[in-house]
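What follows is a set of notes on a single structure, which appears directly below.
The values are calculated or read from the model by the stated rules, or taken from the named source; none is laboratory data. Quick caveat: nothing in here was measured; it's all calculated off a predicted structure. In this analysis, Cβ positions are derived from the backbone assuming ideal geometry, glycine residues included, and neighbour counts consider all displayed protein chains. Ligands, DNA and RNA are stripped out before the accessible areas are found, and what is left, the full protein with its side chains, is counted by its heavy atoms. Shrake-Rupley method; radii C 1.70, N 1.55, O 1.52, S 1.80 Å.
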Amino acid sequence: MEQPRAEPRLLARTTADGHRVEFGLSVRPWRDRPRVVGWFTLGVMLALTALAYAYVRRLLRPLDDIGAGARRFGAGEFDQPIPVRRADELGQLATDVNAMAASIHQMLEAKRALLLALSHELRSPLTRARLNAELLPDTAEAQAPRQALLRDLGEMARVITDLLES
């Protein structure tokens, strides 16, 4: 004969041939040592939470790298590219951002070279004109036009400097 059980089961069924099938968890450990089971369950849940956090941080590390790289590129520091850690979409994004940064750096260097060339081309004739004006003879009738010419050349030099700096 079958003895009735005092422990409740989650699912208990009797089959057509008379056998009894029970599914469920035993409540005996909860009844005998509730604190041990509770602390063990809490420990397991905390460990799983810590593992999940570490895994998600590892998955999102490329986004942190891309964000730091974008801030560096925005500050004009193009010497260190974004590390490509994976071969998925985030790795492709890091590669694309690196290519964009290299292109921007190349454009900035071309702009700088153009400004240096413009500066030289605009200031060289001014310097020659100023030298020629200063080498004019020091006669009384040539003094006023000479001073006006030097003043105009100085103003042109300031305008060119302001244009190049802006």
Two pseudo-spin positions, 7 Å from Cα along C-beta at LEU118 and at THR41, lie apart in nanometres by 7.4
Residue-normalised value, i.e. accessible area per residue, for the range 69-143 at 1.4 Å probe, in Å², stands at 75
Comparing PRO83, PRO125, PRO62 in a Gaussian network model of the chain (Cα, 10 Å), the one with the largest mean-square fluctuation is PRO125
Rounded to one decimal in nm, the spacing of the 7 Å Cα→Cβ label points at ARG61 and ASP32 is 4.5
Log entry: pair-distance distribution for the range 22-166, C-alpha pairs binned every 10 Å from zero, whole % per bin is 9, 18, 13, 12, 12, 11, 8, 6, 5, 4, 2, 1, 0
For the chain, the longest principal axis of the Cα atoms and the Cα long axis of helix 89-134 enclose an angle in degrees, to the nearest 10, of 10
Per GNM of the chain with C-alpha springs under 10 angstrom, the most fluctuating residue out of VAL56, VAL21, VAL37 is VAL21
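Quick check on the chain: helices-only [θ] at 222 nm, where DSSP H runs of length 4 and up contribute -39,500 (n - 2.57) each and the sum goes over total residues. Nearest 500, please.
Working: 4 runs with 118 residues, N = 166.
Value at 222 nm, helices only: -25500 deg cm²/dmol.
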Under a 1.4 Å probe, counting only protein heavy atoms, SER103 has an accessible area in Å², nearest 10, of 50
Helix 140-165 sits off the longest principal axis of the Cα atoms of the chain, rounded to the nearest 10 on a 0 to 90 degree scale, by 10
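To the nearest 0.05, how large is the calculated FRET efficiency for ARG86 and ALA52 if R₀ is 22 Å and r is the Cβ-Cβ distance? Before the final figure, lay out the partial values.
Details: r = 19 Å, r/R0 = 0.88.
According to the calculation, E is roughly 0.70.
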With label points set 7 Å from each Cα along the Cα-to-Cβ direction at ARG71 and LEU108, the distance between them in nm comes to 1.7
